[in-house]
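The values are calculated or read from the model by the stated rules, or taken from the named source; none is laboratory data. Since this is a predicted model, take the numbers as computed values, not measurements. Note that each Cβ is placed from the backbone with ideal geometry, even for glycine, and that neighbours are counted across all protein chains shown.
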Amino acid sequence: MKRRFLITGGAGFIGSNLVDRLLASDVEHITVVDDFNDFYEPEIKRANIREHLADPRYKLAEVDIRDRAALENIFAGRDFDCIVHLAARAGVRPSLTEPELYSETNINGTLNLLELARHHNIKQFVFGSSSSVYGINAKVPFSEDDPIRQPISPYAATKGAGELICHAYSHLYGIRCVCLRFFTVYGPRQRPDLAIHKFAKLISEGKSIPVFGDGTTRRDYTYVDDIIAGVVAAIEYEGSDYEVFNLGESRTVELRELISLLEKELDTHAVIDRQPPQPGDVPQTFADVDKARKLLGYNPQTQIEEGIRRFIEWFRTTENHRMKA
């Protein structure tokens, strides 16, 4: 078991859940890099890590991954077995208005971390990629062997570029790079801008929810516990020096069905605000996870009905705490 970790984006949704899992093991130390930017309320991230800060094995570095010199300082006096790179500017739609920021963070930031892995002889690098790299893929389910040459958003393009940079460093320097294409992750601590969290809040407040298109878009929604199981397996993966894996639930859910599930768990009717389709949005995502099952032992357990129930349970608890604060 690798026991010394650098985790970028470790105060965010997926990252903080990963830290939970690792701190529950015999990990030696974890250094988390996060810049607490204003993409959403930074206090949400600080709440995610409040308990982590009390653990002597945990260290927080408030650093932007674009800042190579600041990243270099983190490595002084620390040895790492593995870098798990989850930090990124996220979201398809915001990338349309700030493509330079997405390129600088997601491409140059990834290059900075791979350079540090090279110079500090770190041989395991796990990269958080995205199902968005597939673009409008007519073949379903999406397989890792499918071409990714037609991204339809700057965000998707930066994630595809990150995978390619990982391949170059794996080939040149013998760094084992495991790229994980996440499919619409949800669950406790989900970012407030993502559909399930955003819709739950609006529905519970009696406000309308924006639905882009006719509601027939489909997504492969993946519960965060299943994603974390896949990330931990990637950390321990000792196969070839470069691999790409889909991490999804391998089931598609129509947007209209998702809204119905939220209505059921919230016991409230949703008011729909119809909007035109959004540039950059794909009509569906659907993961073929056979490769991850075979090589990582990945076996997603949480169906959308149970996942939404758990999410709403967390959402209500969190909202109650917020109201009392």
### Task
Say whether the condition of being under 15 Å from the mean Cα position of the chain (by Cα), outside any helix (DSSP H, G or I) and under 18 Å from residue 84 (Cα atoms) is met by at least one residue in region 156-171.
no
### Message
Here's a check for you: in region 14-58, which residue that is under 18 Å from residue 197 (Cβ atoms), touching a helix residue (DSSP H, G or I) at 6+ places or on another chain (Cβ under 7 Å) and of a type outside the set (Gly, Ala, Ser) is surrounded by the most Cβ atoms within 10 Å (Cβ to Cβ)?
### Response
14
### Message
So, in region 264-277, how many residues would count as being more than 25 Å from the chain's Cα centre (by Cα) and either of a type in the set (Val, Ile, Thr) or more than 15 Å from residue 215 (Cα to Cα) (or both)?
### Response
7
### Task
Would you please name the residue that is farthest from residue 17 (Cα to Cα), looking only at residues in region 51-71 that are part of a loop (DSSP other than H, G, I, E, B) and over 20 Å from the mean Cα position of the chain (by Cα)?
67
### Query
Any residue at all in region 178-187 that is modelled with pLDDT of 95 or more and over 22 Å from residue 106 (Cα atoms)?
yes
### Task
Kindly list the number of the only condition in (1) in contact with an Asp or Glu (Cβ under 8 Å, 6 or more places away or on another chain); (2) at pLDDT 95 or above; (3) under 20 Å from residue 187 (Cα atoms) that fails for residue 245.
(3)
### Task
Would you be able to tell me the number of residues in region 152-175 that are in contact with a Gly (Cβ under 7 Å, 6 or more places away or on another chain) and surrounded by 22 or more Cβ atoms within 10 Å (Cβ to Cβ)?
3
### Task
Filter the helices (runs of 4 or more DSSP H) completely within region 76-135 down to those with at least 1 residues that are over 16 Å from the mean Cα position of the chain (by Cα), surrounded by fewer than 21 Cβ atoms within 10 Å (Cβ to Cβ) and β-branched (Val, Ile, Thr).
92-97
